[in-house]
1. Go through the range 104-160 and count every residue that is among the basic types (K, R) and in contact with a helix residue (DSSP H, G or I) (Cβ under 8 Å, 6 or more places away or on another chain).
2. Tell me, which helices (runs of 4 or more DSSP H) wholly within the range 7-99 include 1 or more residues that are basic (K, R) and surrounded by 15 or more Cβ atoms within 10 Å (Cβ to Cβ)?
3. All but one of (1) surrounded by fewer than 16 Cβ atoms within 10 Å (Cβ to Cβ); (2) part of a helix (DSSP H, G or I); (3) not charged (D, E, K, R) hold for L102; state the number of the condition that does not hold.
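Derivation of every value follows stated rules applied to the coordinates shown; laboratory data play no part. Nothing here was measured: the structure is a model prediction, and the numbers come from that model. Heads up, the Cβs are rebuilt from the backbone with ideal geometry, glycines too, and the neighbour counts pull from every protein chain shown.
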Amino acid sequence: MTTLQTLLRDRPAIHGDDGADPMTHGLIEEGLELLDRVVQPGWRTLETGSGFSTILLASKGVEHACVVPNQPEVDRIRAYCEGAGIDTSRVAFHVQPSERVLPGLELGELDLVLIDGSHSFPQVFIDWFYTATALKRGGRLIVDDIHVWTGRVLRDFLAADPGWRIDDELGGRTAVLTKVGDVDPDQLWTEQPYVVAKSGLGVTGKARMAASMLRHGHVRELAGHARSAVGTRVRR
């Protein structure tokens, strides 16, 4: 029996504070099957949140970073792995909210990132922002719970970005993407197709904005926007 089959049979309860009956949330079975199929020993992986995915990735022999703010979850994962004979020595648990951990974490180059921690605003976007540049070209990004507004917006934002390719959506809940280009963390909003589209700023909209800025005397600011846009194109 494979680790995944054993895990799905045992269904250890992981989530919940001390004093409450624990349960398990996280990736649906199709998402776990994807991890089981594609992840290779020696990969460097990171997830925000924890669950069956943490146990499965530990069993794969990867260098894994798990960013989760709940120590009881970590304790339950370690206890299950110990009983199942799964080595967790290559799993680094960072027991703080991801928005506190990721800005100062040395990520190196990552093969896979799973965003499945807090689904609040702006945490989902912070998780992506700090891991996107570390994910190597050709690496996999998994965004879970895209039925939640924050996950859906991130999925839609990336679908419009030429640096990303959506490979699949599992059960209407989990987006699977591949990084196919460079990611510029300093990209202007005017260079982000999703933001421009949602702002109604095509060529006509940009011209209208520029005219309004001129009319209200914001010449220096308009010139700054123009110089920044030219600089962005040159860097590319």
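1. Here is the first cut: in the range 104-160, the residues among the basic types (K, R) are 136-137, 140, 152, 155.
Filter once more, so that each one left must be in contact with a helix residue (DSSP H, G or I) (Cβ under 8 Å, 6 or more places away or on another chain): 140.
Number satisfying all stated conditions: 1.
2. Numbers: elements: 29-38, 52-59, 71-84.
It comes to 71-84.
3. (1)
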